[in-house]
Amino acid sequence: MNFWIVQALNGLQLSMLLFLLSIGLTVIFGLMHFVNLAHGALYALGAYVGVSAFALTGMYWGAFLLAPIAVALAGVVLYLGLIRRMRKAGPMNQVLVTFGLIFVLLDITRIIWGDLALSIPEPQLFTGRSEVLGVAYPTYRLFIIGLGLTVMAGLWLLLSRTQIGAMIRAGVDNDQMAACLGINVERLFFIVFCIGCALAGLAGAVAAPVLSVTPSMGTQLLIPVLIVVVIGGLGSLKGAIAGSLLVGFIQTFGAVLAPQLASVAIYALLAAVLIFRPAGLFPAKA
Amino acid sequence: MNLIVKSALAGAFALSATTAMAQEDVIDVGMILPYVGVYASLGEEIDQGFVLALEEAGMTDRFNIIREDTEASPQVGVAATRKLVLQDEVDVLTGLVSSGVLAAIRDFVDQSQTPLIVSNAGNDEATGADCSPYITRVSFSNAQVNRPMGQWLYDQGVRTVYTLAPDYAAGRQHIGAFVTAFEAAGGEVLGQDYTPFGQTQDFGPYLTTAQAADPDAIFVFYAGGEAINFVKQYDSFGIKDETPLYGSGFLTSQLYLDAEGPAALGVITSLHYLPTLDTPENKAFVEAFQAKANRLPSEYAVQGYDAGRALVEAVKAGATDRESIKEALRDVQYTGPRGPLEIDPATNNIVQNVYIYDIVEGEDGKLTQELLDTVEAVRDEPNGCEL
Amino acid sequence: MFHQTTTKTVTILLLFIGMAIYTVFAGFYGRELVIEAAYLVILAISLDMVAGYGGMVSLCHGAIFGIGAYVFAILTGMMGISPFIALVAAIAASGLFGLFVGAVTSRTSGIFFIMTTLAFGQMVYVYTFENRALGGDDGMSGVARLDLSMIGIDTNDSLQFALLAVVFAALSYAVAAFIMRSGFGRTLVGIRSNEVRMRALGLPVLRYKAFAFGISGALAGLAGTIAAQQTMFVSPEMMSWMMSGEALVIVILGGLGTLVGAAVGAVLFVFLQHEVSEVTRYWHMVVGLVLILVVVLGNRGAYGQIEHLLERRKKGAPKASALEVAAEKDASHA
């Protein structure tokens, strides 16, 4: 029994990490119809900034705070320099430009931080293990789960209870109509894009103590994250939650129950979902 | 692809040196290493070690190094090798980090009769069933590094293990050699998992499964980023207190020790080189490498060094062209940074000591390797190799 | 819609003749580059057929390319079957796989189509990577080359093999151009511009799309067999999604939806990669920047830009047929 509780926590932890990454991607897509393949590279950038911030401040929380800010700033530069220009260029061109961005960002991280794998330690506050549901589980992983749930709740409140949330929902539904209603859609896009980038940076800083920080970490996680977003249905918070949980649990329990199939499992899931539900499970628009 | 990192300076030096000593033939060396991608840092270490050996012998002007980038891709590696052999007509090839690239170029190297000094790639076949008189390996074979751990672990009182490794050829060879030796000694393997290579970031599910099997110890092979992930996650689950971690020495290589941090403390592994070996040869090497690269050498640096050193020894013995270099390499024998080594005439693989070590905190507070035991002159069986 | 215009004919002839002449005078390494360019030309053309004309941006063409290479390698290397039979079988196998993927994915579109093809491609890649009977991540060596000694061609000679590869590339272009000019090709373009209308016209749209993907797959498989013969070695690397991405980059560099652009792009890509990597280790960044630049500047690609400039000049001349200009424009703005 304890075994399954721990494995369920493992699945939840992975799901939350995937959620932090995919929510930015999916909201950007839902609102702007913009496919940002460079999202993974921004996550890697967050992890690297986290490493430097840790070296600078000597504290994990330095990384935790500075990484989202730095990546959001990178998002500002990207938005003003490139993304804004590509807004009306169609999904194909956006895929291509951001594919090019992957290469550029990858080499920039290599030039600044080198090829060697780096890492930062867990925060003092969350070292060791804690007792949950009768099992001892790494505290830092519990922190990731908690953080994921907090962000989830925060975003849900933001989207459903606040004015800006209503504006975002209106924009996702019909951006032209929203503009007619006097919503400054351009500014909304800009804000959402920066929040998405900040969340990617946050995910990088949160992942850094668990995973090694390498130049390829972004491309490695890009595909699982794309799968999450597409399975869930582009643009919806509910979709991102469902997709993260599905992928996280299938990867975890696939590894436990059918190790031979573990690596094919998520691709099979993706293919199956898209064949039967061509727009994902919870598409933002009916 | 096919990056010719002709470091302009080195090239110019070699050229001017050639004209100065026209009577001595310059040996063209084709260096095939990954300079970009996941293995780039290994390529860099090997390259630096190789050049150090030439400098130490004062023979940099006898060799003209032509560098080609494999990007760790077999396709690119094959193209690079063909170019070096057919267009540059090099006298000797060296390098090879990835076993996949070595397997890919094996036939071509053999048929073109170009000697190749392997400075990393450890696939057992290269000096086993697929051996070639033209392929000499001065690094290690996957089996060689792990086999001694089978008996050693049993002697420490470990009776049952659970093994983990990435699901690719090298992963299976590292684990396979250990398991065979461990079972021969009388131990029992309770379970084995092979994790999807390059896709597994979270080892949690595997660690939990391994722990549930309740073995005396866990034995793993991981390298690079995966090694760091694994060691840290193993530590965070607190398995260390009940079930010690053993493995192939790449797990706690000098290269990753900083990133792994305190999580690596107490992990016991086996490898063919430690920067902390207490021999005059190693102390001189570490000092020279630190002066050059400003960091401690890893096993990759020493492999590059020994590739260079073996070539120097062969040339000193009078070798001048492909055929004579190939012959002379077989007789290479010296005591280097990693101890006494020679080339096994039966397989062309290196015969060397394997060191069993754990990770402790050094006097300066930094993590360091502590030698526990030495298994001397480990030699592979021919395994179907006929030279 | 596809028209074999004079500009196209001249460009493609110049390209292939240029490659052939370069092959004759180049050293060994230059010839290897020509072979690489030749199979990338074929792969890019095959991708352009579906992406440029059918609007189906595939991220599994690397995997199909790899299937061609692996089937050829298994049959010649492991089973010792004649390379001719292996060639036919490899093309058939990749064509069938393409047909399958095309049939299954034909209902999805846009980003969902891209992701589904990615999923199928990655499944093939992961399966091959972990299949030890196929050499796993180490790949497989011992691939044979076509034996053309009865017509006096020695494929083991680098010059003759490189020329042969160029001939294959030229033939592939001819086949692709023929198909795109046929009623089938026109229908495909029709589906891309308005799928609903074509369906209303009573066309079995999904079947058309699947067939197009199958034909494209067969061509990608042919490219794979040439790649396998060049290095006499195959590895899962050829199947990864980065390979598919590279093929897409090539098509964009040259100009999407022109076929000629794909060929030009392949040669440009090999040239760029080679020249830039001589100067810097960070050539990926340069390729990335070039890609961004191409798209931001209107996404015509190298060949599209040439066409665009010629068109602009022609517009002043009285001979220009407005219809043709419009048709060409349509093709280059896919």
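Under the classification rounded if a/c is under 1.5, otherwise prolate if a/b is larger than b/c and oblate if not, where does region B:149-218 fall, given a ≥ b ≥ c as square roots of the Cα gyration tensor eigenvalues?
oblate
With point charges of +1 on the Cβ of Lys and Arg and -1 on the Cβ of Asp and Glu, referenced to the Cα centre of the protein assembly as shown, which listed residue (C:Met79, C:Tyr39, C:Leu14) lies farthest in the positive direction of the dipole?
Farthest towards the positive end: C:Leu14.
Straight-line reach from B:Lys232: which aspartates and glutamates have Cα under 12 Å away, leaving out those fewer than 8 places along the same chain?
Here the aspartates and glutamates satisfying the reach criterion relative to B:Lys232 are A:Glu122, B:Asp202, B:Asp258, B:Glu260.
Restrict the search to region B:337-387; then list the GluC sites (Glu not before Pro) that DSSP places in a loop and that have at most 14 other Cβ atoms within 10 Å of their Cβ.
Answer in residue order: B:Glu363, B:Glu386.
So what are region B:237-387's ellipsoid semi-axes, whole angstrom, largest first, if each one is the square root of 5 times an eigenvalue of the alpha-carbon gyration tensor?
32, 19, 12
Can you give the three extents of the C-alpha atoms in chain B along their principal axes, from longest to shortest, in whole Å?
68, 46, 37
Just round it to a whole percent: the fraction of Cα-Cα distances in the protein assembly as shown exceeding 52 Å.
18 percent
Along the Cα→Cβ direction, 7 angstrom out, place labels at B:Ser324 and A:Leu56. What is the inter-label distance in nm?
About 5.9 nm separates the two model spin labels.
Quick check: Cα centre of region C:206-229 to Cα centre of region C:51-74, how many Å?
So the two Cα centres are separated by 6 Å.
Which of the listed residues, B:Trp152, B:Ala181, B:Thr163, is farthest toward the dipole's positive end in region B:123-181, when Lys, Arg count +1 and Asp, Glu count -1 at the beta-carbon?
Farthest towards the positive end: B:Trp152.
May I ask you to find the residues of region B:232-247 that are shielded by at least 10 Å² of accessible area once the whole protein assembly is considered instead of their isolated chain (probe 1.4 Å)?
Relative to the lone chain, where solvent access is computed with a 1.4 Å probe, region B:232-247 loses at least 10 Å² at B:Lys232, B:Gln233, B:Ser236, B:Phe237, B:Gly238, B:Asp241.
Can you give me the angle between helix B:169-185 and the longest principal axis of chain B, using Cα atoms only, in degrees from 0 to 90, rounded to the nearest 10?
It works out to around 60 degrees.
Please work out the average accessible area per residue across chain B, using the 1.4 Å probe convention, and give it in Å².
So chain B comes to 33 Å² accessible per residue, rounded to a whole number.
To the nearest whole percent, what portion of all C-alpha pairs in chain C is separated by more than 30 angstrom?
Of all Cα-Cα pairs in chain C, 33 percent lie more than 30 Å apart.
For the protein assembly as shown, give me the percentage of DSSP beta bridges that are antiparallel, rounded to the nearest 5 percent.
In the protein assembly as shown, approximately 45 percent of DSSP beta bridges are antiparallel ones.
Zone of B:Ala284 (label point 7 Å along Cα→Cβ, backbone N under 12 Å): which residues in region B:335-374?
B:335-337
For region C:69-132, max minus min Cα coordinate along each principal axis, in Å, sorted largest first?
Here the Cα extents, ordered largest to smallest, are 42, 25, 12 Å.
Other chains near C:232-244: what is the mean number of their Cβ atoms within 10 Å of each residue's Cβ?
Other-chain Cβ atoms within 10 Å of each residue's Cβ, averaged: 4.
Quick check: the angle from helix B:280-293's long axis to the longest principal axis of chain B, C-alpha only, nearest 10 degrees?
Its long axis makes an angle of about 80 degrees.
Counting only other chains, what is the mean number of Cβ atoms within 10 angstrom of the Cβ of each residue in peptide B:218-230?
3
At 20 °C and 1.002 mPa s, grab the translational diffusion coefficient of region A:1-276 from Stokes-Einstein with a Kirkwood Rh over Cα pairs, rounded to a whole number in µm² per second.
The diffusion coefficient I find is 112 µm²/s.
So what are region B:210-253's ellipsoid semi-axes, whole angstrom, largest first, if each one is the square root of 5 times an eigenvalue of the alpha-carbon gyration tensor?
18, 11, 8
Could you pull out every residue, at least 5 positions away or on a different chain, whose amide H is within less than 5 Å of the one on B:Asp373? Hs are placed 1.01 Å off N in the peptide plane, and Pro or chain starts have none.
For B:Asp373, whose amide H was placed from the backbone, the distant partners under 5 Å are B:Ile356.
Tell me, what ³J(HN,Hα) does each residue in region B:223-236 have, in order and in whole Hz, if you take phi through Karplus 6.51 cos²θ - 1.76 cosθ + 1.60 with θ = phi - 60° and put x for Gly and Pro?
9, x, x, 5, 4, 5, 3, 5, 4, 5, 6, 4, 5, 5
State, in square angstrom and to the nearest 100, the accessible area buried between chains B and C, both chains counted, probe radius 1.4 Å.
So the buried area, both faces added, is about 2600 Å².
Given the pairs C:Lys8/C:Lys314; B:Lys240/B:Lys283; A:Lys88/C:Lys8, which are separated by over 21 angstrom at their Cα positions?
B:Lys240/B:Lys283; A:Lys88/C:Lys8
About the Cα centre, and with charges only on the beta carbon of Lys, Arg (+1) and Asp, Glu (-1), how big is the dipole of region A:1-152? Nearest 20 debye, please.
Charge dipole, region A:1-152, about its Cα centre: 480 debye, nearest 20.
For B:Phe219, enumerate residues with amide H under 5 Å from its amide H, sequence gap 5+ or separate chain, H modeled in the peptide plane.
B:Tyr162, B:Thr163, B:Leu164, B:Tyr246
Give, ordered by residue number, each residue of region C:107-133 whose 1.4 Å probe accessible area is reduced by a minimum of 50 Å² on adding the remaining protein chains to the chain alone.
C:Arg107, C:Ile111, C:Phe112, C:Met115, C:Met123, C:Val126, C:Phe129, C:Glu130, C:Arg132
What helices in chain A pass both tests, a Cα length along the helix axis of 20 Å or more and a mean Kyte hydropathy of 1.0 or higher, using whole DSSP H runs?
A:2-32, A:39-57, A:60-78, A:91-113, A:139-161, A:185-207, A:217-232, A:237-257, A:262-276
Would you be so kind as to identify all helices of chain C, as entire DSSP H runs, whose Cα atoms reach 27 Å or more along the helix's own axis and whose mean Kyte-Doolittle hydropathy is at least -1.0?
C:6-25, C:28-48, C:83-105, C:110-130, C:158-181, C:205-231, C:260-279
Quick one: grab the alpha carbon gyration tensor of region C:107-158, order the square roots of its eigenvalues as a ≥ b ≥ c, and give me rounded if a/c is under 1.5, else prolate or oblate depending on whether a/b is larger than b/c.
Oblate, because a/c is 1.5 or more while a/b does not exceed b/c.
Heavy-atom accessible area per residue, region A:13-148, 1.4 Å probe: how many Å²?
Here the residues of region A:13-148 average 34 Å² of exposed surface.
So what's the gap between the Cα centers of region C:111-142 and region B:33-47, to the nearest angstrom?
Computed from Cα coordinates, the inter-centre distance equals 25 Å.
Any aspartates and glutamates with Cα under 18 Å of the C:Lys209 Cα? List them, leaving off those in the same chain fewer than 8 positions away.
Result set, ordered by chain and number: C:Asp48, C:Glu195.
State, in square angstrom and to the nearest 100, the accessible area buried between chains B and A, both chains counted, probe radius 1.4 Å.
2500 Å²
Ignoring ligands, DNA and RNA, how much accessible area is buried between chains A and C, both sides summed, with a 1.4 Å probe, to the nearest 100 Å²?
By this definition, chains A and C bury close to 3300 Å².
Treating only the Cβ of Lys, Arg, Asp and Glu as charged (+1, +1, -1, -1), what charge dipole size does chain B show about its Cα centre? Round to the nearest 20 debye.
My answer is approximately 540 debye.
Mind pulling the angle between the C-alpha long axis of helix B:142-155 and the longest principal axis of chain B? Nearest 10 degrees, somewhere in 0 to 90.
With rounding to tens, the tilt is 30 degrees.
At what distance in nm do the modelled label points of C:Thr9 and A:Ser160 sit from each other, each positioned 7 Å from its Cα along Cα→Cβ?
Between C:Thr9 and A:Ser160, the simple spin-label model gives 6.7 nm.
Between region B:77-98 and region A:72-88, how far is it from one alpha carbon centroid to the other, in angstrom?
Centre-to-centre (Cα) distance: 44 Å.
Under a point-charge model restricted to the Cβ atoms of Lys and Arg (+1) and Asp and Glu (-1), what is the dipole moment magnitude of chain C relative to its Cα centre, in debye to the nearest 20?
1400 debye
The values are calculated or read from the model by the stated rules, or taken from the named source; none is laboratory data. Just so it is clear, the model here is predicted, and its values are computed rather than measured. Methodologically, a virtual Cβ is constructed for each residue, glycine included, from the backbone with ideal geometry; neighbour enumeration extends over all protein chains shown. Accessible surface areas use protein heavy atoms only, side chains included; no ligands, DNA or RNA. Shrake-Rupley method; radii C 1.70, N 1.55, O 1.52, S 1.80 Å.
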